[in-house]
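Please treat every number below as a calculation from the coordinates, not as lab data. Computed from a predicted model, the values in this text were never measured in an experiment. Every residue, glycine among them, receives a Cβ derived from its backbone with ideal geometry; neighbour counts consider all protein chains shown.
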Amino acid sequence: MFGFTPVHVDLSRNSCNLLHMTASSPPTSLTVLRGVPVVAGVAYGPVIRPGRPPVLEDTEPEVPEQDRRGEAARFAAAASAVANRLRERAAHATGAASEVLAATATLAQDRAWLGAAEKRITSGVPAVRAVVEAVDQFIDLFTQVGGLMAERVTDLKDIRDRVIAELRGLPEPGVPLPAVPSILCAEDLAPADTAGLDPSLVIALATTLGGPTSHTAIIARQLGIPCVVAVDGLDAVAAGTMVLVDGTRGTVRVAPDEAAAGEAVAAAQREAERAAHWTGPGATADGHAVAILANVQDGAAARSARETPAEGVGLFRTELCFLNRDTEPTVDEQADIYAEVLSAFDKVVVRTLDAGSDKPLKFAGHPDEANPALGVRGIRIAHGNPGILERQLEAIARAGERTGNAPWVMAPMIATADEAKDFAAKARSHGLTPGVMIEVPAAALRADRILEHVDFLSIGTNDLAQYTMAADRMSAELATLTDPWQPAVLALVAMAAQAGARAGKPVGVCGEAAADPLLACVLVGLGMTSLSAAAAAIPGVGAKLAQVTLAQCRAAADAVLASATAADARAAALEALS
Ligand code: PEP
Ligand code: MG
């Protein structure tokens, strides 16, 4: 298990021999399956697969009237037994695992689906069929809503299978306890499967479905085990097959040469050790300084980022402080929260509220929109409600005065130079240093004009990928399109960087791309002056950068921009940076 670890062993020299598996060809040695890398690191071991869910075909006859009450009670008891077991496991787990299990337990007791099943049972449908039909109804609904809701479909199916097993007196479906360190492969993993995993026995995860925000990904990050999702052809790899999972490249190599696999794992381990020993500050091997910063959402996160060599905060997502608020926090309340982050580091970039789309705020007055990702979100909220931005800038300025630490402030979702001009004027009137995020392709294309008004740019590669590729960043199905290695996305990043160099102003990246050590080097080659990532990713990024020269980063950037696909871009960068 080697979290956040790039691999130096170059398996790509064999790439001309690698076959891509098709539905008709079973996986053989030399087969490399490709997916979306979620947690970096390399692991080698035998495949284990979760136990089969119960067979769902149902031939049970209608329940006679006099037995229906009993059938409903049997169903209620089964559902609450499942919820109780999940709650018990939540109590014995920690961190995200515990939260995920508790959330699944709550879903198991959700009145909406329980009611839909009970209604069927009272009309004579046997409990098992009632469960299947009721859950199907909500699966359809969640799938139609899409995004995060669609990713919860796996949770619902998991609850369905557990309740059915309970009704039939069968053992609960789930992950077998392996005898040796193994790699868990599945179509998708339910939270209850992944939350209790022991990372010394389950050393990597690979799934056929799932996206970067799926529970599989969340748990893998917490466990620090390599993880690849949306792996094409994984279903055909049988339990017991030896595989090499590379969470950096996003590959699953079936039955690899044992010595080469061992070498890849050892190289990954060396990288992990280097990361653990990296103490900063951020610089390439030949001394080109790049500020390595942390993404945080509150004072606690900022304080824990101080445990890493982070030199400051490159993105303070203020909207995440207020997701549960019905009313707008007062200027004083806001100032208190911002001051906590400003006291943790000298350099802090505060982002004004990026409310809307996947992060709605109740007090922001979002209109009802058919397509909120393209609607009134980020800075656009201030057009109809300028007071909300004014009060936030006032609070940020107050926090700055109180801590004696002058923050930089940036606006999300800027699309035009006029928006940047307007924001800069407002920020300066509060004595703040203004910048904007580059998340909309239009802003990257017009970065020169935008830089006439602001002092810095920060590239949000998560949204930039979403809007460049016209692909929902929450969609598991479209994860290969929203991959930040897409050359089209990186071409826009390069444009913004060049505009920054011409203007002599800093340009950083604060999207997930900066958390990928290999891509981080490419971003430096493209001209980034800072990289901001989740605290856990910082040592891996800093250590990798310290091993390569600026010339290597630039060569990797050129190679990436000349690549045709995201996979080619990754391979080209690996070669240039190894
Ligand atoms: C981004 O879009 O890359 C970004 C950093 O903003 P968020 O992920 O909060 O939308
Ligand atoms: Mg964004």
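Odds and ends about this structure:
- Dipole check for the stretch 65-168: with +1 at the C-beta of Lys and Arg, -1 at the C-beta of Asp and Glu, and the Cα centre as origin, the magnitude is about 240 Debye.
- Entry for the stretch 281-577 at q = 0.07, 0.10, 0.16 Å⁻¹: log10 I(q)/I(0) = -0.24, -0.49, -1.31, Debye formula applied to identical alpha-carbon scatterers, no solvent contribution.
- When you work out D = kT/(6 pi eta Rh) for the chain at 37 °C and 0.692 mPa s, using the Kirkwood radius from C-alpha pairs as Rh and the Stokes-Einstein form, the result is 131 µm²/s.
- About its Cα centre, the dipole of the stretch 129-270 is roughly 220 debye, where the only charges are +1 on Lys and Arg Cβ and -1 on Asp and Glu Cβ.
- The reciprocal of the average 1/r between distinct C-alpha atoms defines the Kirkwood hydrodynamic radius, which for the stretch 426-533 equals 13.8 Å.
- FRET efficiency, 1/(1 + (r/R0)^6) with R0 41 Å, evaluated for Ala488 and Ala266 via beta carbons: 0.70
- Label-to-label distance, nm, for residues given as Lys362 and Gln144 (7 Å Cα→Cβ offset): 2.6 nm
- Derived scalar couplings ³J(HN,Hα) [the stretch 32-40; Karplus, 6.51 cos²θ - 1.76 cosθ + 1.60; whole Hz; x for Gly, Pro]: 10, 8, 10, x, 9, x, 10, 10, 5
- Distance between the modelled labels on Ala373 and Gln498, one decimal in nanometres: 2.8 nm (7 Å Cα→Cβ projection).
- Here the stretch 272-346 yields Rg over Rh of 1.10, to two decimals, using C-alpha coordinates and the Kirkwood radius.
- Between Lys119 and Asp336, the FRET efficiency estimated from the beta carbon spacing at R0 = 51 angstrom works out to 0.60.
- The stretch between Val55 and Gln297 holds 82.7 nm of extra length on full extension. This uses 0.36 nm per residue minus the Cα-Cα distance.
- Over the residues of the chain, the helix contribution to mean residue ellipticity at 222 nm works out to -13500 deg cm²/dmol, using -39500 (n - 2.57) for each DSSP H run of at least 4.
- Cα centre as origin, Lys/Arg/Asp/Glu Cβ charges: the chain dipole, Debye: 740 debye
- A simple spin-label model places pseudo-atoms 7 Å from Cα toward Cβ; at Asp346 and His277 they are separated by 2.8 nm.
- Charge-dipole axis of the chain as Lys and Arg at +1 and Asp and Glu at -1 on Cβ define it, positive-most pick from Ala255, Ser357, Val313: Val313
- Coordinate range along principal axes, alpha carbons of the stretch 65-168, Å, largest first: 47, 33, 20
- Additional length obtainable on full extension of the chain from Glu394 to Glu187, 0.36 nm per residue less Cα span: 69.6 nm
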